Amino acid sequence: MVIGIDISVLNDYQKTGIGVYTYGLIKALLLKNKKDKFILFGIATFSTFDHLKNIEFKKYPNVELKIFKLPAKFFRIAFLIWQKLNWPSIENLIGPVDIFHSFNWYFPSQRFGKSIATVFDMTPILYPNFHQEKTVQLDKNRLERIKEMADLVITISENSKKDFLKFAPGKKVEVIYPATDIKMLNSLKSVLDKYHLKPGYFLSVSTIEPRKNIKALIKAYLSSGLPNKLVLVGGEGWKSEEIRKYRDKYSDKIILTGFVPDADLPILYSQALCLVYPSFYEGFGIPVLEAMQLGTPVITSKVSSLPEVGGEAVYYIDPKDKSIIKNALIKISKDKNLRKRLSQKGLEQAKKFSWQKSAKKLNDFYHFG
């Protein structure tokens, strides 16, 4: 069998949730399936082309890379035109395949074989205000094409599956959860010194954008009067300017790190008093799982998919109520026994998710439908 997989989302050197999922799942799949031929197709920018064409997956003997490049400024318009024209088909670019699996940004035309698409969340349809208009346009276009043409849709949570089926009733949809293999690599002291930190801070890990509800977290934190610092880890996304202003005004309390290397992240989780993840909506919520795997207590929203991830192992809040977020911060900071219980439960909850199980499920879908 020849299986084509879109790896365009792995363009970025620093992976956000979609990249973490795509990379982890493909890596586990290639370790499991050494018989089929995989053609990994990607569209890169001129600056990321070398990165994508040298991705570690090329070391497998049953893998062939087919990477194309475009100027970054033409990405969105090129994807929209490509899909509107329904040409070229994916076969024109990579040859015939039995299956082509699209992960994000676009859903190409396909003449033969089975078409599979992963849908991470339905925010472009449900909450377009959480995105830039040009992003909503691209994502809606892809979702409409998936609704009409995909043979199988894969979502990353039962909640995302439910939301997609409201959009496309009767469609064949399956769930493949993310996992994490986050591990301690760097020394504790070197990482804390690098970011001028001492153990016991509140930690947030996410792109700085409206959907992640960082502004409400900052306001709740400042009103709590707690001495612990608030560390915001993640790249600055859409409408992040106001968060920078808070950082500048409260530089003794709020630390904005930007992206951090993968090797630093486990230390930052492990030395935090807790992870605070008050998102309004998530397709899954990988930082919650990462924190639990490292035994870090978690405060998160009781919305969308987050209860699937956290189970009974996290402290839930209403993301729309800053007073509830504030009280949760105070409760966690003062109750050592609660932190211990959440840590123990989190370690157990995290064991439910593994890349090996997810890769087996995907491989079964490829072979048995």
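With the cut-off at 1.5 for a/c, could you classify the range 193-245 from its C-alpha gyration tensor as rounded, prolate or oblate? It comes out oblate by the Cα gyration axes. So for the range 19-146, what percent of the C-alpha to C-alpha distances run longer than 20 Å? That tail contains 50 percent of the Cα-Cα pairs. Shape analysis of the chain yields a ratio of the Cα radius of gyration to the Kirkwood radius, Rg/Rh, of 0.97. How tilted is helix 355-368 with respect to the longest principal axis of the chain? Cα atoms for both, answer in degrees (0 to 90, nearest 10). For helix 355-368, the angle is close to 20 degrees. Label positions at Asp335 and Glu348, each projected 7 Å from the Cα along the C-beta direction, are separated by 1.7 nm. Taking Ile214, Ile77, Ile243 as the candidate residues, the one with maximal mean-square fluctuation in a Gaussian network model of the chain, Cα springs under 10 Å, is Ile77. Multiplying the residue separation of Glu148 and His51 by 0.36 nm and removing their Cα-Cα distance gives an extension gain of 31.6 nm. Taking 1.567 mPa s as the viscosity and 4 °C as the temperature, the Stokes-Einstein diffusion coefficient of the range 249-323 based on its alpha-carbon Kirkwood radius rounds to 97 µm²/s.
Size check on the range 127-213: the Cα extents along the three principal axes, sorted descending, read 53, 29, 18 Å. Taken along its principal axes, the alpha carbon cloud of the range 188-350 reaches lengths of 37, 36, 29 Å, longest axis first.
List the lysines whose Cα sits under 18 Å from the Cα of Lys27, skipping any in the same chain fewer than 8 residues away. Correct list for Lys27: Lys15, Lys35, Lys37, Lys53, Lys58, Lys59, Lys66, Lys183, Lys357, Lys360, Lys361. For the range 56-71, backbone phi angles converted through the Karplus equation (6.51, -1.76, 1.60; θ = phi - 60°) give residue-by-residue couplings of 4, 4, 5, 6, 7, x, 9, 10, 10, 9, 10, 10, 10, 10, 9, x Hz, Gly and Pro being listed as x.
For the options Ser223, Ser301, Ser204, a Gaussian network treatment of the chain with springs between C-alpha atoms closer than 10 Å singles out Ser223 as fluctuating the most. By the beta-carbon count within 10 Å of each Cβ, the least crowded to most crowded order of His101, His51, fewest first, is His51, His101.
Simple spin-label estimate for Leu85 and Trp238 gives 2.7 nm between the two label positions (7 Å along the Cα-to-Cβ direction from each Cα). Applied to the range 199-205, the Karplus parametrisation 6.51 cos²θ - 1.76 cosθ + 1.60 on θ = phi - 60° returns per-residue 3J(HN,Hα) values of x, x, 8, 7, 10, 10, 10 Hz, with x for Gly and Pro.
Annotation: Cα Rg of the range 282-369 relative to the compact-globule expectation 2.2 N^0.38 Å equals 1.27. The share of Cα pairs per 10 Å bin across the range 67-213, counted from zero up to the longest distance, runs 9, 30, 29, 18, 10, 2 percent.
Note on the range 222-317: lysine pairs with Cα distance below 19 Å, sequence gap of 8 or more or different chains, count 5. Residues whose amide H lies under 5 Å from that of Cys274, counting only those 5 or more places away or on a different chain, are Leu203; hydrogens are built 1.01 Å from N in the peptide plane.
The long axis of helix 158-167 is offset from the longest Cα principal axis of the chain by roughly 50 degrees.
The angle separating the long axis of helix 214-224 from the principal Cα axis of greatest extent in the chain is about 10 degrees. Rounded to the nearest whole Hz, the Karplus-based 3J(HN,Hα) values (6.51 cos²θ - 1.76 cosθ + 1.60, θ = phi - 60°) of the range 335-346 follow the sequence 10, 5, 5, 5, 4, 5, 5, 5, 4, 5, 5, x, with x at glycine and proline.
Amide H contacts of Phe68: Gly42, Ile43, Ala44, each under 5 Å away and 5 or more positions distant or on a separate chain (H built 1.01 Å from N in the peptide plane; Pro and chain starts excluded). Here the sum of -39500 (n - 2.57) over DSSP H runs of 4 or more residues, divided by the residues of the chain, equals -12500 deg cm²/dmol at 222 nm, to the nearest 500. Taking 0.36 nm per residue of separation and subtracting the Cα-Cα distance, full extension of the segment from Tyr60 to Ser190 would add 43.3 nm. Amide H to amide H distances under 5 Å link Gly4 with Ile39, Asp98, Ile99, Phe100, His101, where only residues 5 or more positions off or on other chains count and H is placed in the peptide plane. The distance between label points at Gln356 and Asp318 comes to 4.3 nm (points 7 Å beyond Cα on the Cα→Cβ vector).
Values quoted throughout were computed directly from the atomic coordinates according to the rules given, and no laboratory measurement underlies them. These numbers were taken from a predicted model, which means no experiment stands behind them. All Cβ positions, glycine included, derive from the backbone under ideal geometry; neighbour counts span all protein chains shown.
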